[in-house]
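Read through the structure below, which is laid out as structure tokens, and then see the notes.
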């Protein structure tokens with residue numbers, strides 16, 4: 001898709017930008033809306049053309065992040081890049097036909113869900129709490145739920161080909177992780193008003 005960007009004139013480049021960035025949006029428009037309550041699109045942790053296509057096609061953006069220095073710095077970068085993408089896309093949409101002008105976008109950040117969280121006494125450990133607080137100070141919504149780190153459990157899930165919550169082990173840490181995922185899903189559904 002990146003090779004399709006550009007053009008001989010600024011006008012052509014803007015029209016190609018618009019067409020390339022709305023490919024997934026157009027594809028989702030063709031799906032029968034009665035078949036699905038929600039569509040989740042997983043993206044790589046960078047701001048490439050694939051991620052931009054997913055953002056253009058989305059109503060909401062969920063940001064999974066590890067509570068550490070680099071990840072939390074990336075959240076503010078993502079917000080700035082997101083705003084720039086929305087502004088550019090909507091500006092370029094105005095150059096198209098009346099149909100395309102109606103397809104401006106306004107995805108909003110639903111929130112940050114902190115993952116790979118280490119706990120002590122049922123709280124995130126003290127070294128990561130400042131990163132969670134820093135993210136909240138950015139004015140970006142942060143989910144109250146956290147997903148704890150458990151390398152063994154999450155590493156084993158792909159080999160069985162089923163989600164972690166369906167692995168069937170009801171012991172200690174496994175039960176805690178499943179409970180945290182359930183809490184997050186409940187909070188997620190409330191934010192979406194499902």
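The values are calculated or read from the model by the stated rules, or taken from the named source; none is laboratory data. Bear in mind the structure is a predicted one, so any value in this text is a computation, not a measurement. Positions of Cβ are backbone-derived with ideal geometry, glycine not excepted, and every protein chain shown enters the neighbour counts.
Set side by side, the residues 37, 76, 42 differ, and just one is assigned to a loop (DSSP other than H, G, I, E, B) and over 11 Å from the mean Cα position of the chain (by Cα), which is 37. Among the residues of segment 47-63, are any closer than 29 Å to residue 140 by Cβ, out of contact with any strand residue (DSSP E or B) (no Cβ under 9 Å at 6 or more places or on another chain), modelled with pLDDT under 85 and assigned to a helix (DSSP H, G or I)? No, segment 47-63 has no match at all. Only residues that are loosely packed, with under 15 Cβ neighbours inside 10 Å and farther than 12 Å from residue 107 by Cβ were counted in segment 65-91, giving 10.
Is at least one residue of segment 149-156 surrounded by 14 or more Cβ atoms within 10 Å (Cβ to Cβ), closer than 30 Å to residue 58 by Cα and either touching a strand residue (DSSP E or B) at 6+ places or on another chain (Cβ under 8 Å) or at pLDDT 90 or above (or both)? Taking every residue of segment 149-156 in turn, at least one turns out to be surrounded by 14 or more Cβ atoms within 10 Å (Cβ to Cβ), closer than 30 Å to residue 58 by Cα and either touching a strand residue (DSSP E or B) at 6+ places or on another chain (Cβ under 8 Å) or at pLDDT 90 or above (or both).
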